[in-house]
Amino acid sequence: MNTSFDTKQRSLVIYGSATVLGLLLLASILLFINLPDANAFNDRVEQIFVENDALTTTENVKLLEVLAQSGTAFADVLSSYRIILFILLVLASALLLSAFYFLLTNHGLQQQMGELTRSGLVVNSLVVNREERVVTINDMEYELTSAICETLSVLCEARLDDDVLTGVELESMISGKPSVDVDEASGATRIKRLRDHLGNQMISHLLVKNISRKGYVLAVDKDVIKMV
């Protein structure tokens, strides 16, 4: 795992989340500052009547009362809107912080799982028992068929000699036929059967490596291989 890349990625997530939270806070402040005053309507109506002496008749006074009641209703609605906006902004901030927390937690768990995966797939011992047709990888024991056991044995012997086998060479060594009489597909089929028989695809694909344009090799230290 690239530690430098993970550090940069985590820093990017932190700075990005902090920026979004800061923008959300700034937008909240600007929104509340620019919201009209709840009594703005009443103040404006009162100003109109004060500035116009002609609006002092009984009918106009009643009109003022109606407008005042409408202004009060508007003020109540605007106050409720303020409360709703405040709750929504708090909720948005809480969701953002929660997402940020879970993102960091998930990142940490991925790092831990990566470490556990790498340490769990290190082959410390590979013992092939040809007579019993059994291979033991670390503490895991697998029963093999004769053909699969032979395939694994040839790969082990090649690894001990630091050799990389092509599909043709593998098939030729197992079948005893000359290289000209076998093809690459036969060897590839034997490798596939070996991997399928081991069951765990992750382990089998890490154990038997396919090197492009070269062939197949066991990706283990040759010092851990033991032939019985």
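Readers should treat all values here as calculations from the given coordinates under stated rules, not as data from a laboratory. Bear in mind that the values here come from a model prediction, so they are computed numbers and not experimental data. Virtual Cβ from ideal backbone geometry, glycine too; neighbours counted across all protein chains shown.
Cross-link reach is defined here as a Cα-Cα straight distance under 23 Å, omitting same-chain residues fewer than 8 places apart; for Lys222 the lysines meeting it are Lys192, Lys209, Lys214.
Here the 3J(HN,Hα) profile of region 137-148, calculated from phi with Karplus coefficients 6.51, -1.76 and 1.60 at θ = phi - 60°, is 10, 6, 9, 9, 10, 10, 8, 10, 7, 4, 5, 5 Hz, Gly and Pro shown as x. Taking a sphere under 14 Å around the Cβ of Thr136 and counting the other residues whose Cβ falls inside, with K and R at +1 and D and E at -1, yields a net charge of -2.
Couplings 3J(HN,Hα) of region 158-170, computed from phi: 5, 5, 5, 9, 6, 9, 10, 9, 7, x, 5, 5, 4 Hz, in residue order, whole Hz [Karplus 6.51 cos²θ - 1.76 cosθ + 1.60, θ = phi - 60°; x for Gly and Pro].
What is region 154-196 by shape, rounded, prolate or oblate, if you read a ≥ b ≥ c off the alpha carbon gyration tensor as root eigenvalues and call it rounded for a/c under 1.5, prolate for a/b larger than b/c, and oblate otherwise?
Note, shape of region 154-196 comes out oblate.
Working from label points 7 Å from Cα in the Cα-to-Cβ sense, the Leu25 to Thr189 distance is 6.8 nm.
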